[in-house]
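The values are calculated or read from the model by the stated rules, or taken from the named source; none is laboratory data. Note that the coordinates shown come from a computational prediction; the quantities given were computed from them, not determined experimentally. Here the Cβ is made from the backbone with ideal geometry for all residues, glycine too, and neighbour counts use every protein chain on show. Just so you know, the surface numbers come from the protein's heavy atoms only, side chains and all, with ligands and any DNA or RNA stripped out. Shrake-Rupley method; radii C 1.70, N 1.55, O 1.52, S 1.80 Å.
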Amino acid sequence: MTGTLKYETPHSLAELWPLLVSDRELTGFLAGGTDLIVKYKRKQLNLTRFIDLKNIESLKGIWLDENKNLHIGSLTTLTELHTHPLIQKHAPLLAAAARKMASVQIRNRATIGGNLCNAAPSADLAPPLLVLDAVVKLESDQGARELSIKSLFTGPGQTALKIGEVMTEVMVPVSEPSDKVTYLKQGLRQAMDIAMAGVAVKLNMSGNLCQEAAIALGAVAPTPIRVKAAEEWLRGQRINEQSIAKAAELAKIAANPISDVRTTADYRSELVSALVTKAIQECMTQV
Amino acid sequence: MPEMIVGKSATKYDAFAKVIGEAQYIQDLTQPRMLWGKILRSSLPHARILNIDTSKAEKLLGVKAVLTAKDLPGRRIGFGNDNEVLKRNKVRCVGDEIAAVAAVDEATAIEAMSLIKVEFEPLTAVFDPELAMAENCNVLVHESRGSNLSLEYHFETDEAALAASLDQAAVVLEDRFTLPFVTSSAMATHGCMALYRNGELTIWTPTQVPFLYQHELMMATGIPGNRIRVIQPTIGGGFGAKLDMYPYEAACVHLSMVTGLPVKIVFTREEEFQASRPRQPMIIDLVTAADRDGHLLARKAKVICDNGAYNSWGSTTPFVGMQTISSLYRVPNVRYDAQIVYTNNPYSGAMRGYGNPQHTFAVESHMDMLAAKLGMDPLTVRLINANQSGDVTPQKMKITSCAFSETLREAGKELGSLPSEPGKLRGKGIAGLLHVGGGARVYRSDGCGAVVKLDDMGRAVLLTGATDMGQGSDTILTQIVAEVLGLEIKDVKVINNDTNLTPWDVGSHASRTTFIAGNAAKIAAEKVRSQLITAAAQILNANPDQLLLRNKRIMVEDAPERFVDIGKIVRSLHFKQDGKLLVGEAFYDPPTEMQDNQFLGNVSAAYAFGAHGVEVEVDRATGVVKVLKVAAAHDVGKAINPLAIQGQIEGGCAMGLGYALSEEMKLREGRVINANFLDYRLLTAVDIPEIEGIIVESDEQEGPFGAKGIGEACCIPTGAAVANAVYAATGVRIKELPITPAKVLEGLNKMRSTFDT
Ligand SMILES: Cc1cc2nc3c(=O)[nH]c(=O)nc-3n(C[C@H](O)[C@H](O)[C@H](O)COP(=O)(O)OP(=O)(O)OC[C@H]3O[C@@H](n4cnc5c(N)ncnc54)[C@H](O)[C@@H]3O)c2cc1C
């Protein structure tokens, strides 16, 4: 182990910014720590300082604004995500996805901000937030900016956050009761597992005709992705076996998976089409 | 006379201490001025050590000792003496011990390790046992041996008869089965604490075999055995991985010798994956021949075991696997060949079942394939070949109690394809097992000693050699002693963790403890009992035959108002001129024989049988296998504690299901690349289906109260049963564990494409 690790606990963003005047590159923001500390212990990070965000109250809380946007503080834990009444009501997809992650103990610590900023291709909250057209709010001593979640992920473990920037909020347009949404995650076991593939689907139907479709994939490309081709294909289609099969095929083509310790690229491709099919079918069973 | 305690479920002896966190594992132990030891391990799978520079580490503040091979006496260790405590000239696997450090705290020891400079000359390595055995393999893991073959096992019945039976057979199946590296993932990692002082060594270590360990440690360190005291803390799981004396343990002793202080070394989880002993991977080429009615005619197996870089006790697992090939089901003609092959992988060892889960996977897959080939149902083909009481197998194993057929019938209800919802395929498969259940004479002695002493408050203490590593033997032994002496379970205490106090035992392995240690405890308790009865007969003025021990009293059978408290009898013996102590001792060694050099002989006094029926649902689109239910029927002779058996069965099935579906230690160039519990997929509580334990009693005459071993048996057939269930559901035959969704889907897709064309 080399050197010592500094630990700071600012109580507000105002207290945070002066700390970032120096050593920004060697600083890790600590939220739940369920990714950060694991990586640090495995010596995958070259850091000399942790800045713990957990005492910054403005990063917590969940509320609904007058424009029907849910505001989710970046420190919101996965447990809060799947139990909070506002999330359950206005973003049930997110609540369901959070429930499928890790274990109770991890969910009590892990945060939405950490999941997104860690930017694993397999991050389970990413596909649902992608189909929900979420927007993230980033702040630094230079001010705040908003970014569509589609532009957040730039590579495995890489985001559009600038050094010294903090994610403060995730904004999610509320889902209408008529939205048909689902997230399917396939791991090798039913808890404590990283997805081999994850698929989120959101459909708006008019009768049997698909008005709008959003499909996002996790763990099958360098970043979580939306599948434009499949979405465009579905728009205006009747949802039936053929149209679903075609959408699944298009999603499979869009995926660009790798083989790793969890499974093979080939199997991931197969999973994409199987899960997209199932996800659309499952959406169609929702009333 | 009906038993009062034996046969009834009882809470585990150590449950309370474990649940409230009071149990002391090696991780919890400490000593005044204790140092922390760490082992510097090789990062390369195969390399010559050119130079080791420890000068910087030695200068670090807080470092008390840095040892390398040149500081040690250079004694060879391990089974076959192919290993060293610290490696002198060459490392042969990732994780090989190069240097040992002792420092005032763990962080300093870790820092010191980073200051040791090792110059290596990397050597070409071999990771595939078949390549290691190939003619043109120019990599030698142990140069002096001239080849990478460590050991060979060969057994055969009459050669001509075997050939003839293969000619006559209506069906001859020939398949290759492949088994991966898995590891037992004991919750407590390895660790030990050594204190060498005044020429005496005390070592605290979670070994499963304290007395053999004492001997191995003597050979490794040169300290006379009668100067070594082994104390076992609470053991957080053994599963066979704690049968070996590890190099780090001898290194820890040396650290204590040079510093004069207690030193403790505890493995990290990564070390546990890389440097403890996993179950050996095997390639099994199996031939099964049968007549047209499904009677087995012959079995031939060629087995290649990946030994890894050194021998451990695991190198002897073909000894057990061979029994499965020769004796699981009646098969007259047999040939078995196994090769234990050195590679530059981590070295494999014993793990629950001792080679049997691998061999049973092959044999029981074949039984199913045979049934399919002959158009028979999988249960019938097993029943007509099932071993029966009185059989003597080709290896001269004498089957005494045997309820194999009954377990097959219990587990084998409604086999085959089952109705399912659209998109899913359901099926149920079965697999049986045979394992030793009455000890295993692999050494000249298979014995265990016991001493029961009864004190004047009516409390019994059992001193036993038997190690409880979590399996629950302490509970069983207290039940036995309480039963014999008419006490309550809580009146019996067990001392079994200190070689200075306990009588000798071979160790906890081979599912032998209930049977062997149980018999020893029973005989010792009976000796106390007869002394009690003699004394009570005098006090009560009654005939000894009329006396009954019950509820801490001795009473006259048909006049229960005439009784005397057991404590009172003991006191009456103490408080008199020429008084006596109430102590009974026994050494039980079962009536078995060691196998001769042709592997013939009845190694166990009884054999355990059983069968698992597994029901699965397979997702057609993803290939994901969901286990719906396991029905695990076991012939246990007699259930001394049904709850404990259910516990063993559930744990065994969970382990077996992980082996079947999700567990695999993945290696890249000899390095474990999933050395954590996120990527090494143990099944979790939510993955485990309903497990129905079905206890079948066959009353083993030689067993204590009729009991036989169960510890390993319950994880042995699960893998094969899952494979057979997947076949029943889908028609896809998977011959390689684990049965991942990717493999199942590939099989389904292949079937679809042949169906389409
Ligand atoms: C056993 C286990 C199981 C897991 N299972 C899953 C699973 O099923 N699905 C899944 O997707 N993940 C899983 N994970 C990964 C992890 O738990 C999640 O990604 C979690 O959401 C991370 O949140 P955190 O608060 O712990 O992040 P941290 O570890 O605190 O941070 C992660 C990264 O994000 C940065 N960061 C955190 N918050 C901010 C912020 N507000 N602004 C800027 N940067 C920030 C940190 O600096 C760090 O680089 C698992 C992890 C473990 C250990």
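Taking A:GLU249 as the residue in question, decide whether it is under 18 Å from A:LEU132 (Cα atoms), away from chain B (no Cβ under 12 Å) and outside any loop (DSSP other than H, G, I, E, B). Here the answer is no, as A:GLU249 does not meet what is asked.
Among all positions in the range B:718-727, there is no residue which is within 30 Å of B:GLY437 (Cα to Cα), in contact with a Lys or Arg (Cβ under 8 Å, 6 or more places away or on another chain), more than 13 Å from chain A (Cβ to nearest Cβ) and open to solvent by 30 Å² or more (accessible area, probe 1.4 Å).
Looking at B:LEU682, B:LEU737, can you tell me which residue is within 24 Å of the chain's Cα centre (by Cα), within 14 Å of chain A (Cβ to nearest Cβ), crowded, with 24+ Cβ neighbours inside 10 Å and at pLDDT 95 or above? Can you show your working first?
Values: B:LEU682 fails: crowded, with 24+ Cβ neighbours inside 10 Å.
None of the others qualify; the one that does is B:LEU737.
Quick one: which residue in B:VAL570, B:VAL564, B:VAL528 is without any contact (Cβ under 8 Å) to a residue 60 or more places away in the chain and not assigned by TED's automatic domain parsing to the domain that holds B:GLY731?
Details: B:VAL570 fails: without any contact (Cβ under 8 Å) to a residue 60 or more places away in the chain; B:VAL528 fails: without any contact (Cβ under 8 Å) to a residue 60 or more places away in the chain.
When all the criteria are applied, what remains is B:VAL564.
I'd like to check something: does the range B:252-271 contain any residue that is surrounded by fewer than 24 Cβ atoms within 10 Å (Cβ to Cβ), touching a Phe, Trp or Tyr at 6+ places or on another chain (Cβ under 8 Å), modelled with pLDDT under 95 and part of a helix (DSSP H, G or I)? Looking through the range B:252-271, none of the residues is surrounded by fewer than 24 Cβ atoms within 10 Å (Cβ to Cβ), touching a Phe, Trp or Tyr at 6+ places or on another chain (Cβ under 8 Å), modelled with pLDDT under 95 and part of a helix (DSSP H, G or I).
Could you check how many residues of the range A:123-144 are more than 16 Å from A:ALA160 (Cβ to Cβ) and more than 6 Å from the ligand (Cβ to nearest atom)? Looking only at that region, the number is 7. The residues listed here are A:GLN186, A:GLN237, A:GLN190; of these, the one that is in contact with a helix residue (DSSP H, G or I) (Cβ under 6 Å, 6 or more places away or on another chain) and free of Cβ contacts under 8 Å to residues at least 12 places away in the same chain is A:GLN190.
Counting only residues that are among the aliphatic types (A, V, I, L, M) and within 11 Å of chain B (Cβ to nearest Cβ), which one in the range A:263-281 is nearest to A:GLY155 (Cα to Cα)?
Going through the qualifying residues, I end up with A:ALA265.
Applying the selection to the range B:113-156, what residues are within 14 Å of another protein chain (Cβ to nearest Cβ) and surrounded by fewer than 14 Cβ atoms within 10 Å (Cβ to Cβ)? Of everything in the range B:113-156, just one residue is within 14 Å of another protein chain (Cβ to nearest Cβ) and surrounded by fewer than 14 Cβ atoms within 10 Å (Cβ to Cβ), namely B:SER114. For the range A:146-159, does any single residue satisfy the condition of being at pLDDT 95 or above and within 14 Å of chain B (Cβ to nearest Cβ)? Within the range A:146-159 (the criterion being at pLDDT 95 or above and within 14 Å of chain B (Cβ to nearest Cβ)), the answer is no, since none of the residues qualifies.
Results for (1) in contact with an Asp or Glu (Cβ under 9 Å, 6 or more places away or on another chain); (2) part of a loop (DSSP other than H, G, I, E, B); (3) not small (Gly, Ala, Ser), shown as yes or no for each residue.
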site: B:SER445; (1), (2), (3): yes, yes, no
site: B:VAL451; (1), (2), (3): yes, no, yes
site: B:LEU501; (1), (2), (3): no, yes, yes
site: B:ALA520; (1), (2), (3): yes, no, no
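Table: residues versus (1) more than 21 Å from B:THR30 (Cβ to Cβ); (2) among the aromatic types (Phe, Trp, Tyr).
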| residue | (1), (2) |
| --- | --- |
| B:TRP204 | no, yes |
| B:THR234 | no, no |
| B:MET245 | yes, no |
| B:VAL258 | no, no |
| B:ILE265 | no, no |
| B:THR268 | no, no |
| B:PRO281 | yes, no |
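May I ask you to list the residues in the range A:171-189 that are assigned to a loop (DSSP other than H, G, I, E, B), of a type in the set (S, T, N, Q) and closer than 14 Å to A:ALA214 by Cα? Step through it out loud before you land on a result.
Within the range A:171-189, the subset assigned to a loop (DSSP other than H, G, I, E, B) is A:174-179, A:187-189.
Those left that are additionally of a type in the set (S, T, N, Q): A:175, A:178.
Scanning the range A:171-189 gives a single hit, A:SER175.
Going by what's in this entry, would B:GLY670 be described as within 12 Å of chain A (Cβ to nearest Cβ) and not hydroxyl-bearing (Ser, Thr, Tyr)? No; evaluated as a whole, the condition is false for this residue. Do we have A:GLU169 as free of Cβ contacts under 8 Å to residues at least 24 places away in the same chain, of a type in the set (D, E, K, R) and closer than 18 Å to A:LEU130 by Cα here? Against the criterion (free of Cβ contacts under 8 Å to residues at least 24 places away in the same chain, of a type in the set (D, E, K, R) and closer than 18 Å to A:LEU130 by Cα), A:GLU169 does not qualify.
Of the residues making up the range A:160-178, those that are at pLDDT below 95 and either among the β-branched types (Val, Ile, Thr) or away from the ligand (no atom under 11 Å from the Cβ) (or both) are A:ILE163, A:SER175, A:GLU176, A:PRO177, A:SER178.
Would you call B:LEU433 touching a strand residue (DSSP E or B) at 6+ places or on another chain (Cβ under 7 Å) and assigned by TED's automatic domain parsing to the domain that holds B:THR393? Lay out the reasoning, then the answer.
Working: touching a strand residue (DSSP E or B) at 6+ places or on another chain (Cβ under 7 Å): yes; assigned by TED's automatic domain parsing to the domain that holds B:THR393: yes.
When the stated conditions are applied, B:LEU433 passes them.
The set of residues from the range A:135-178 being open to solvent by 50 Å² or more (accessible area, probe 1.4 Å) and β-branched (Val, Ile, Thr) comprises A:THR154, A:ILE163. For the range A:130-161, enumerate the residues that are free of Cβ contacts under 8 Å to residues at least 24 places away in the same chain and touching a strand residue (DSSP E or B) at 6+ places or on another chain (Cβ under 7 Å). Hits for the range A:130-161 are A:ARG145, A:LEU147, A:SER148, A:ALA160.
Could you list all residues from the range B:363-406 that are among the β-branched types (Val, Ile, Thr) and closer than 20 Å to B:GLY294 by Cα? Steps first, please.
Let us first name the residues in the range B:363-406 that are among the β-branched types (Val, Ile, Thr), namely B:363, B:380-381, B:384, B:392-393, B:399-400.
Scanning the range B:363-406 gives B:VAL363, B:THR380, B:VAL381, B:ILE384, B:THR393.
Listed by first and then second residue, the pairs with beta-carbon distance under 8 Å, at least 6 apart or on different chains, first residue in the range B:213-231 and in a loop (DSSP other than H, G, I, E, B), second of a type in the set (Phe, Trp, Tyr), are B:ILE223/B:TYR196.
Residues checked against (1) modelled with pLDDT under 95; (2) over 22 Å from A:ALA96 (Cα atoms); (3) surrounded by fewer than 16 Cβ atoms within 10 Å (Cβ to Cβ); (4) within 14 Å of another protein chain (Cβ to nearest Cβ):
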| residue | (1), (2), (3), (4) |
| --- | --- |
| A:VAL181 | no, no, no, no |
| A:LEU184 | no, no, no, yes |
| A:ALA197 | no, no, no, yes |
| A:MET205 | no, no, no, no |
| A:ALA214 | no, no, no, no |
| A:ILE225 | no, no, no, no |
| A:ILE253 | no, yes, yes, no |
| A:VAL261 | yes, yes, yes, yes |
| A:CYS283 | no, no, no, no |
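Taken together, the residues in the range B:535-593 that are of a type in the set (S, T, N, Q) and within 13 Å of B:ASP456 (Cβ to Cβ) amount to 1.
Could you pull out the residue among B:LEU657, B:LEU661, B:LEU643, B:LEU628 that is within 14 Å of chain A (Cβ to nearest Cβ), farther than 23 Å from B:THR178 by Cα and either within 21 Å of the chain's Cα centre (by Cα) or not basic (Lys, Arg) (or both)? Selected residue: B:LEU628, the only one of B:LEU657, B:LEU661, B:LEU643, B:LEU628 that is within 14 Å of chain A (Cβ to nearest Cβ), farther than 23 Å from B:THR178 by Cα and either within 21 Å of the chain's Cα centre (by Cα) or not basic (Lys, Arg) (or both).
Taking the range A:145-159 only, how many residues are outside any strand (DSSP E or B) and either closer than 16 Å to A:GLY113 by Cβ or within 11 Å of the ligand (Cβ to nearest atom) (or both)? Break it down stepwise before answering.
Filtering the range A:145-159 for residues outside any strand (DSSP E or B) gives A:149-152, A:156-157.
If we keep only those that are either closer than 16 Å to A:GLY113 by Cβ or within 11 Å of the ligand (Cβ to nearest atom) (or both) as well, we get A:149, A:152, A:157.
Within the range A:145-159, residues that are outside any strand (DSSP E or B) and either closer than 16 Å to A:GLY113 by Cβ or within 11 Å of the ligand (Cβ to nearest atom) (or both) number 3.
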